[in-house]
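Below is one structure, written out as structure tokens, with a few remarks after it.
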Amino acid sequence: MPVDAEGSHAAIQLPEGSWWDWDVIAWDGGQFKLAADHDLTYHHGLELVFGDPLLVSCPSSFHDPVFRAPSPAELLKIRRRLGEEPPVVVAFEADAGGREPVSCLIAAGRLDIVRETVLRYWREDAGPDQRFAPWVRSPAQ
């Protein structure tokens, strides 16, 4: 999360909701995007959009993340790799299907938390408050 008044990074605060199921839905030079919901089969309702991603260490899909403040050792690792501490550092532990939770770390220039229904399949009758995931195309395309 952005640096707080004391110059340290705090754990991010998600909006109320059931954010159990997570996956990476976009990653290019300017953006890294995580999506979440209680079940990602048909839609997702939350996106963490990291602008200008500098370091990403997390699996492509995971469950039940526990967000926390990055440790001093993680911040030191980032400073050594990047030469500076970026405005956003997000750390969390998550279930990635192994025996133990995996530690994840993301450093970026900014973070936007977007709450919106994003459909993962084509629907002719999608409402104005809904949009489609990047890979969804109409049958005519």
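If the condition is being outside any loop (DSSP other than H, G, I, E, B) and open to solvent by 40 Å² or more (accessible area, probe 1.4 Å), then the stretch 57-71 contributes SER57, SER61, HIS63, ASP64, VAL66, ARG68. Taking the criterion of being part of a loop (DSSP other than H, G, I, E, B), in contact with an Asp or Glu (Cβ under 9 Å, 6 or more places away or on another chain) and open to solvent by less than 40 Å² (accessible area, probe 1.4 Å), the residues of the stretch 11-56 that qualify are TRP19, GLY30, LEU40.
For the residues ALA35, ALA91, the requirement of being small (Gly, Ala, Ser), in contact with a Leu (Cβ under 8 Å, 6 or more places away or on another chain) and over 20 Å from ALA133 (Cα atoms) singles out ALA91. Considering only the stretch 80-89, I want to know if a residue exists there that is assigned to a strand (DSSP E or B) and either at pLDDT below 95 or under 25 Å from LEU119 (Cα atoms) (or both). No. Scanning the stretch 107-141 for residues that are of a type in the set (Asp, Glu) and within 24 Å of the chain's Cα centre (by Cα) yields ASP112, GLU116, ASP129. If the condition is being touching a strand residue (DSSP E or B) at 6+ places or on another chain (Cβ under 6 Å) and among the acidic types (Asp, Glu), then the stretch 48-90 contributes ASP52, ASP64, GLU74. In the stretch 12-23, the residues that are on the phi > 0 side of the Ramachandran plot form Cβ pairs under 7 Å with partners that are open to solvent by less than 40 Å² (accessible area, probe 1.4 Å) and in a strand (DSSP E or B), at six or more places apart or across chains, as follows: GLY17/GLY45; GLY17/LEU46.
The values are calculated or read from the model by the stated rules, or taken from the named source; none is laboratory data. It should be emphasised that the depicted structure is a prediction, and the values quoted were computed from it without experimental measurement. Backbone-built Cβ (ideal geometry, glycine too); neighbour counts: all protein chains shown. In case anyone asks, the SASA skips ligands and DNA or RNA and just uses the protein heavy atoms, side chains included. Shrake-Rupley method; radii C 1.70, N 1.55, O 1.52, S 1.80 Å.
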